[in-house]
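Read-outs: derived from the displayed coordinates by stated rules, not from any lab. The shown structure was predicted, so the numbers you read here are calculated from the model rather than taken from an experiment. As a convention, Cβ positions derive from the backbone with ideal geometry for all residues, glycine included, and neighbour counts pool all protein chains shown.
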Amino acid sequence: MASSEEKPLTIGAVCKELKPEFDDVSISKIRYLEEQQLLHPLRTQGGYRLYRREDIERLRTILQLQRDEFLPLKVIRQEIEGNGGAISRTRERKARRTMQAAVASEHSRRLERSELLRETGIDDVAFAELQSYGIVSADEDGLYTEAEAEIVRVCQRMAEFGLGPRHVRQLYTGVQRVAGLLDQVLAPALRSRNAQRREQGAEELAQLAGLSAELTERLLLRDVR
């Protein structure tokens, strides 16, 4: 975690730090965002820009909203300088898209085990562990949807940080508890015979999923910090 006493960075150092995450970031782009009053870095007596950690995180949020949500700068400024709800709304939209993708995957191609292993790059032992913990599951025909493949890919990214299937299992246990809680709240809508009510229930589920993700992140950052 960055310390509050961390030395501010130059614009070049900021660009270098964010480049692995945002391919299109450049010094000229950062300067342009400042011209648009989206960034307010410190200035030395010689006029050089210095970016504090909060400036860098603000820039990261701006770049994420541009890349993932395709929002114009005017809207990004309103969201960031409003009540801080930009990140929450972004997660809700992402959760909604994830749900839509999951529904679409029910009608998309199915993958055999060998295909899934090849496309995701996971080894057979790690995949077997994920499946034994119920994190990944096949359908009644023994095939896997694209949604299952995406779960495997996320687990692979976590493995890069040393978090294997046994660690992911602990996270999954927490997810199951949250799923049970949301099911209690939304079951009447999701299981309604009324199509409009079911659609409303799915929308509420997406919103709650986004809020749950945000709360989880904030609690983790607080407790780990």
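General remarks:
- MRE, 222 nm, helices only [DSSP H, n ≥ 4, -39500 (n - 2.57), over the chain, to nearest 500]: -21500 deg cm²/dmol
- Charge dipole (the range 18-74, unit charges on Cβ, about Cα centre) - positive-most of Val25, Leu42, Ile56: Leu42
- Förster radius 35 Å - calculated FRET efficiency between Arg222 and Gln45, Cβ distance, rounded to 0.05: 0.40
- Computed from Cα atoms, the angle from the helix 195-224 axis to the main principal axis of the chain rounds to 60 degrees.
- Take the Cα of Ser132, go 7 Å toward its beta carbon, and the backbone nitrogen atoms of the range 150-182 under 15 Å from that spot belong to 164-170.
- Distance between modelled label sites at Arg166 and Glu69, nm, 7 Å Cα→Cβ extension: 4.0
- Simple point charges give the picture: +1 on the Cβ of Lys and Arg, -1 on the Cβ of Asp and Glu, and for the range 11-84 a dipole about the Cα centre of about 300 debye.
- Once exposed loop chymotrypsin sites (Phe, Trp or Tyr not before Pro) are cut out (DSSP; at most 13 other Cβ, 10 Å), longest piece of the chain: 71-160
- Normalised contact order of the chain, rounded percent, pairs of Cα under 8 Å and 6 or more residues apart: 18
- A Cβ-based charge dipole, computed about the Cα centre of the chain with Lys and Arg at +1 and Asp and Glu at -1, lands at about 780 debye.
- Cα-based shape type of the range 11-84, given that a ≥ b ≥ c are square roots of the gyration tensor eigenvalues and the cut on a/c is 1.5: oblate
- Rough spin-label spacing in nm, given labels placed 7 Å along Cα→Cβ, for Val175 and Arg153: 1.5
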